Amino acid sequence: MFTPNHFIWLGLCALGIFLGLWMAEKKHIGVKTAGMVTSAISIASESCKMMTHMLPSPLGGFALDPNALPFHLCSMQIFIVFYITFAKPSPTKDKVISFSVPAALLGGIMAMLIPTDGVDFRDPLAYQCFVYHAGLVWLALYFICTKQVDMGRRAYGRNLLILLCLAGIMIYVNGAFFSYGTNFMFLTRPPMENLPILNLDHGWYVYVLSLAALAVVLMTLVHLPFMLAERRKKAAVS
């Protein structure tokens, strides 16, 4: 972590996100266009991940490594991005966006800070990791900057519940793929060794509780400005 290559990647991603937001504001890019851009990034990223995670099949040919299945929080965003891009406006779509924004923002930033696929510029997986997660962060910030997302008190509670449900489901999924050593949503073990807080120094149960607590704190911090603004607005009306 935080090697010279890592800092270069972070700088390039920050620059790309800034330029993307600037272009979105200058060109008045709509939701569908923003979704199409992120969908293209998602397709390229997923194609790269699939082609580099094929394993020989016992019966001949190749099969996808179960570790590459889209069951990480950020990987699931691929399907959410497609839905946001092509679904018609509806209350359900608004709720999906309200979950996607904090999940993509936090997940994307954490993935870039903890690059599990490395930072080697000669490794295609490094490009897949940083470009894809930078795209997710850009889309999340696009919705925030254009004020097209609801992240008030009700959305906060709903998003925490969805996140908890996904974590519970992934515990089952990791159990189903136990023999393959999957670690979806990093519920089996930390994403990297020697991380502060997120480690197995005090056992798995402490690690999982720390992971859950960190998720709640970060989700709260993202929603807090919106909840305070909502509270001020209600106070002004009354």
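Below, the figures for the structure above:
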| quantity | calculated |
| --- | --- |
| Cα gyration tensor, region 41-170 - rounded (a/c under 1.5), prolate or oblate | prolate |
| Pair-distance profile P(r), taking every C-alpha pair of region 36-108, with 5 angstrom steps and integer % | 3, 15, 21, 21, 15, 11, 7, 5, 2, 0 |
| Cross-link pairs Lys49/Lys95; Lys32/Lys147; Lys26/Lys233 - those with Cα-Cα distance over 19 Å | Lys49/Lys95; Lys26/Lys233 |
| The chain: relative contact order in percent, alpha carbon pairs under 8 Å with at least 6 residues between | 22 |
| Kyte-Doolittle at least -1.0, axis length at least 24 Å by Cα - qualifying DSSP helices, the chain | 4-27, 31-51, 91-113, 124-145, 153-176, 204-237 |
| Net lengthening on full extension, Phe62/Thr3 (0.36 nm per residue, minus Cα-Cα) | 17.8 nm |
| Cα→Cβ-extended label distance, 7 Å offset, between Ile197 and His28, nm | 4.2 |
| Per residue accessible area of the chain, 1.4 Å probe, in Å² | 57 |
| Rounded if a/c under 1.5, otherwise prolate or oblate - region 102-211, Cα gyration tensor axes | oblate |
| Region 1-124 - percent of accessible surface contributed by carbon and sulfur, probe 1.4 Å | 72 |
| 222 nm mean residue ellipticity, helices alone, for the chain (DSSP H n ≥ 4; -39,500 (n - 2.57); rounded to 500) | -24000 deg cm²/dmol |
| Gyration tensor (alpha-carbon) shape descriptor, region 1-44, a/c threshold 1.5 | oblate |
| Surface share of carbon and sulfur [accessible, 1.4 angstrom probe, percent] for region 153-229 | 73 |
| Label corresponding to Rg/Rh (Cα atoms, Kirkwood Rh) when calculated from the structure given, among (i) 0.99; (ii) 0.97; (iii) 1.10 | (ii) |
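The values are calculated or read from the model by the stated rules, or taken from the named source; none is laboratory data. Since this is a predicted model, take the numbers as computed values, not measurements. Ideal geometry is used to build each Cβ from the backbone, glycine not excepted, and the neighbour counts take in all protein chains shown. Note: areas computed on protein heavy atoms with side chains; ligands, DNA, RNA excluded. Shrake-Rupley method; radii C 1.70, N 1.55, O 1.52, S 1.80 Å.
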